[in-house]
Amino acid sequence: MTTQMNQIPAIDRGGLAHTIALKAGMSLMEALRDAGLPIAATCGGAKSCATCHVYIENAPDLPDPHEDEIELPGRIGVFQGRDVAA
């Protein structure tokens with residue numbers, strides 16, 4: 001059985017470009033963490049703290065955000081244009 005893996009570009013806070021392996025079923029937060037990029041995710045991916053928020057550009061294939069992802073950033077003051085990576 002083969003696990004499907006996509007390669008996605010990521011730019012860290014310092015402006016350095018990286019290519020991240022994103023396996024099927026893996027969240028973006030998990031992929032960023034596994035690649036060694038600094039992402040807090042203090043809730044461990046439970047979508048309750050938004051410390052894993054990221055900027056997402058040019059991603060037309062992403063599914064619509066889950067209800068939790070829409071509510072949380074507004075509740076804690078995350079700005080428009082960011083998303084939760086969990």
The residue that is surrounded by the fewest Cβ atoms within 10 Å (Cβ to Cβ), considering only those in segment 34-56 that are of a type outside the set (Val, Ile, Thr) and assigned to a strand (DSSP E or B), is Tyr55
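Kindly indicate the residue of segment 7-21 that is outside any strand (DSSP E or B) and not charged (D, E, K, R) and also surrounded by the most Cβ atoms within 10 Å (Cβ to Cβ) among those meeting that condition.
Step one: filter segment 7-21 for residues outside any strand (DSSP E or B), giving 12-16.
Retained after the next criterion (residues that are not charged (D, E, K, R)): 14-16.
Values: Gly14: 6, Gly15: 6, Leu16: 9.
Among those residues, the one meeting the criterion is Leu16.
Within segment 22-33, track down each residue that is aliphatic (A, V, I, L, M) and loosely packed, with under 10 Cβ neighbours inside 10 Å.
From segment 22-33, those aliphatic (A, V, I, L, M) are 22, 24, 26, 28-29, 31-32; that's our starting set.
Listed by number, the list holds a single entry, Ala24.
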What is the number of the single condition among (1) at pLDDT 80 or above; (2) closer than 16 Å to Ala10 by Cα that Gly44 does not meet? (2)
Some residue of segment 73-82 being at pLDDT below 85, surrounded by 13 or more Cβ atoms within 10 Å (Cβ to Cβ) and in contact with a helix residue (DSSP H, G or I) (Cβ under 7 Å, 6 or more places away or on another chain): yes
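The values are calculated or read from the model by the stated rules, or taken from the named source; none is laboratory data. Predicted, not measured: the structure shown is a model, and the values here were computed from it. Positions of Cβ are generated from backbone atoms using ideal geometry, with glycine treated the same way; all protein chains shown enter the neighbour counts.
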